[in-house]
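The values are calculated or read from the model by the stated rules, or taken from the named source; none is laboratory data. It should be emphasised that the depicted structure is a prediction, and the values quoted were computed from it without experimental measurement. Here the Cβ positions follow ideal geometry from the backbone for every residue, glycine too, while neighbour counts run over all protein chains shown.
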Amino acid sequence: MIRAGRAEDLQRVAEIQAVSPGAAQWELGGYHFAVAELDGVVAGFAAWRGVGDGEWELLNIAVDPAFRRRGLGRALVAALPAGRTFIEVRESNAAARALYVTCGFVERGVRRGYYKFPPENGIVMELQK
């Protein structure tokens with residue numbers, strides 16, 4: 001089940017980020033977020049912010065390793081608001097890029113040196129829905 005995130009979910013979201021080194025380590029205060037629940041447990045989340053009229057930036061999406069490969073990432077992407085959604089993903093993160101493509105994202109460009117620790121290019125991807 002996908003639902004809107006609540007303040008009481010933030011500790012669990014932080015735990016999921018901590019065991020997901022490929023995910024961004026964002027503080028969620030002030031951002032929109034949704035969580036995926038499985039068997040009564042918050043198993044994943046997606047966080048985004050508005051960047052324009054009908055445009056969004058997906059800041060972070062992660063699923064606890066114990067709950068991966070069950071379609072939760074795709075379900076979280078499907079729950080994003082309508083409009084154009086952009087994300088930057090590490091060039092080396094083939095699994096995430098493949099997930100985004102299966103969800104309908106297309107690559108739009110490269111941001112050279114976007115990531116700092118370690119240094120790496122960011123691939124800009126866009127979803128229109």
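Tabulated data for the structure shown
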quantity	calculated
Any hit, the stretch 107-114, residues being at pLDDT 90 or above, surrounded by 15 or more Cβ atoms within 10 Å (Cβ to Cβ), in contact with a strand residue (DSSP E or B) (Cβ under 6 Å, 6 or more places away or on another chain) and over 17 Å from ARG6 (Cα atoms)	yes
Hits in the stretch 16-40 (condition: farther than 21 Å from VAL89 by Cα and exposed (fewer than 13 other Cβ atoms within 10 Å of the Cβ))	GLY29, GLY30, ASP39, GLY40
Selection status of ALA66, hydrophobic (A, V, I, L, M, F, W, C) and farther than 26 Å from GLU8 by Cα	no
Any hit, the stretch 86-103, residues being small (Gly, Ala, Ser) and within 11 Å of the chain's Cα centre (by Cα)	yes
The stretch 115-129: number of residues that are at pLDDT below 95 and either more than 12 Å from VAL89 (Cα to Cα) or basic (Lys, Arg) (or both)	5
Some residue of the stretch 103-125 being in a helix (DSSP H, G or I) and of a type outside the set (Ser, Thr, Tyr)	no
